[in-house]
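To start, the structure itself, in structure tokens.
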Amino acid sequence: VVSSFPSVTFIWKYEKKDEFALGEASKIDNLVLTDWMPQNDLLTILVPIFADQPRNAAMLVHNKLGKVLSKLDIGNHEKIIALLKELMDNSEYAENSRRVARMIAKKPFSSREKLLKHVEFAADFGPSYALRPQSQDMSLIEYHNLDVLFAALIAFMAFAYCFVTATCYLLRRISVRKAKNE
């Protein structure tokens with residue numbers, strides 16, 4: 001697929017070094033192999049596989065920053081080529097990518113500044129009752145909803161008892177009728 005677009009540079013981010021796969025891939029002229037890459041201004045084809053990846057991929061698709069390729073379609077060259085053409089032909093993806101990169105570069109506060117502001121706030125005002133979770137005042141039974149679970153368990157047991165009793169009653173009636181008929 002990569003060699004189908006010789007004028008495009010592809011970046012392949014990998015997790016584990018596989019000498020054979022990377023050795024074969026390194027022979028392709030327009031493919032850059034890396035284990036880390038800043039991803040703010042890249043057009044992306046996402047292959048979500050595990051944990052939060054499907055959610056993150058859906059977020060990027062929603063913001064028109066990339067397209068999703070199902071893990072089942074990884075071997076389907078036609079689908080990959082169609083996705084690549086769509087990403088390259090639709091300028092909206094590149095514009096959105098550049099816009100997000102600018103937003104990240106111009107964010108109002110750095111992480112360091114945020115940390116310092118929060119530490120200063122905590123030092124000035126101490127523990128805040130408004131920020132204290134109400135769960136700290138709950139008993140163990142309330143916190144874990146044990147009262148609700150106990151009531152549900154009692155209701156389930158009552159239902160099960162009624163069901164078993166009714167079933168036994170019906171089975172006895174059926175067996176008594178059969179005995180009378182014989």
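The values are calculated or read from the model by the stated rules, or taken from the named source; none is laboratory data. In this text the structure is predicted, and so the values were computed from the model without any measurement. Every residue, glycine as well, gets a Cβ built from its backbone with ideal geometry; the counts of neighbours run over all protein chains shown.
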With the first residue restricted to the stretch 1-14 and required to be at pLDDT 80 or above, and the second required to be in a strand (DSSP E or B) and loosely packed, with under 11 Cβ neighbours inside 10 Å, Cβ contacts under 8 Å at 6 or more apart or on different chains are Ile11/Thr34
Would a scan of the stretch 98-117 turn up a residue that is at pLDDT below 90, surrounded by fewer than 10 Cβ atoms within 10 Å (Cβ to Cβ), closer than 30 Å to Ser7 by Cα and not aromatic (Phe, Trp, Tyr)?
yes
If the Cβ limit is 6 Å and pairs must be 6+ apart or interchain, which residue in the stretch 128-146 that is under 20 Å from His118 (Cβ atoms) pairs with which residue that is part of a loop (DSSP other than H, G, I, E, B)?
none
Go through the stretch 75-92 residue by residue and tally those that are in contact (Cβ under 8 Å) with a residue 24 or more places away in the chain and within 26 Å of Asn63 (Cβ to Cβ).
7
How do the pairs read when you match residues in the stretch 93-116 that are assigned by TED's automatic domain parsing to the domain that holds Gly66 with residues anywhere that are part of a helix (DSSP H, G or I), using Cβ under 6 Å and keeping only pairs 6 or more apart or on different chains?
Tyr93/Leu87
Cβ-Cβ under 7 Å, sequence separation 6+ or interchain: first residue in the stretch 49-71 and within 17 Å of Ser91 (Cα to Cα), partner of a type in the set (Phe, Trp, Tyr) and in a helix (DSSP H, G or I). Which pairs?
Lys64/Tyr93; Leu65/Tyr93
